[in-house]
Amino acid sequence: MATENFQTKLLAIQRNLLNFAYTLTSNREDAYDLLQDTTLKALDNEQKYVDNVNFKGWVFTIMRNLFINKYRRDARSAVIVDQSDDLYMLNVAQDSGFESPEGAISAKEIHAVLNSFAAELREPFSLFLAGYKYAEIADRLVLPLGTVKSRIFIARKKLQNSLRDYR
């Protein structure tokens with residue numbers, strides 16, 4: 001496709017792209033950033049566009065993928081892993097994140113129930129809660145992936161049954 005024709009088509013759908021970006025981000029500034037990133041990505045990949053493909057769909061797919069990738073990247077960077085020897089950062093009282101003492105009590109009871117589980121259930125479930133993926137847990141504990149998923153499922157169900165009266 002000729003560069004001028006490509007740019008003309010891209011400029012023609014800018015308003016539609018901005019509306020779509022706003023529905024994804026729910027924030028005007030983020031929508032403009034996403035629109036700019038999408039436009040740059042489309043211009044950089046002009047040679048990959050094939051003439052008989054739906055242009056609008058192609059560009060919208062670029063925008064959706066950029067949004068999903070940014071969301072996943074932000075979610076990964078928000079996870080904090082405490083690597084201190086005694087899990088000091090997890091046990092700091094002033095930064096507990098609970099708004100009331102009742103929340104802290106229920107968290108203590110949840111931990112008590114978790115600690116009552118057998119090690120074969122507690123270890124995979126604790127790693128899962130810490131943000132590890134199933135495959136990472138399986139590698140770390142030298143277990144088959146299906147076994148890890150099964151143990152996490154069983155631990156979750158046992159926890160739900162043990163804490164049924166808190167609902």
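The values are calculated or read from the model by the stated rules, or taken from the named source; none is laboratory data. This one's a predicted model, so the numbers in the text were calculated from it and none came from an experiment. Cβ sites come from the backbone with ideal geometry, for glycine too, and all protein chains shown count toward neighbours. Note: areas computed on protein heavy atoms with side chains; ligands, DNA, RNA excluded. Shrake-Rupley method; radii C 1.70, N 1.55, O 1.52, S 1.80 Å.
For the pairs LYS41/LYS149; LYS108/LYS157; LYS56/LYS149; LYS70/LYS157; LYS70/LYS158, flag any whose C-alpha to C-alpha distance is greater than 29 Å. Working shown, then result.
Numbers: LYS41/LYS149 38 Å; LYS108/LYS157 18 Å; LYS56/LYS149 40 Å; LYS70/LYS157 33 Å; LYS70/LYS158 35 Å.
Violating the 29 Å Cα-Cα cut-off are LYS41/LYS149; LYS56/LYS149; LYS70/LYS157; LYS70/LYS158.
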Reported to the nearest 10 Å², THR147 has, with a 1.4 Å probe, an accessible area equal to 40 Å²
Computed over the stretch 1-69, protein heavy atoms only, probe 1.4 angstrom, the accessible area per residue in square angstrom equals 65 Å²
Expected vector for the stretch 55-63, Karplus 3J(HN,Hα) from phi with 6.51, -1.76, 1.60 and θ = phi - 60°, integer Hz, x for Gly and Pro, equals 5, 4, x, 4, 6, 5, 5, 4, 5
Rounded to the nearest Å, the spacing of the alpha-carbon centers of the stretch 1-78 and the stretch 119-159 is 38 Å
For ILE62, the net charge from surrounding residues (Cβ-Cβ under 15 Å; K, R +1; D, E -1) works out to +2
Reported to the nearest 10 Å², VAL142 has, with a 1.4 Å probe, an accessible area equal to 120 Å²
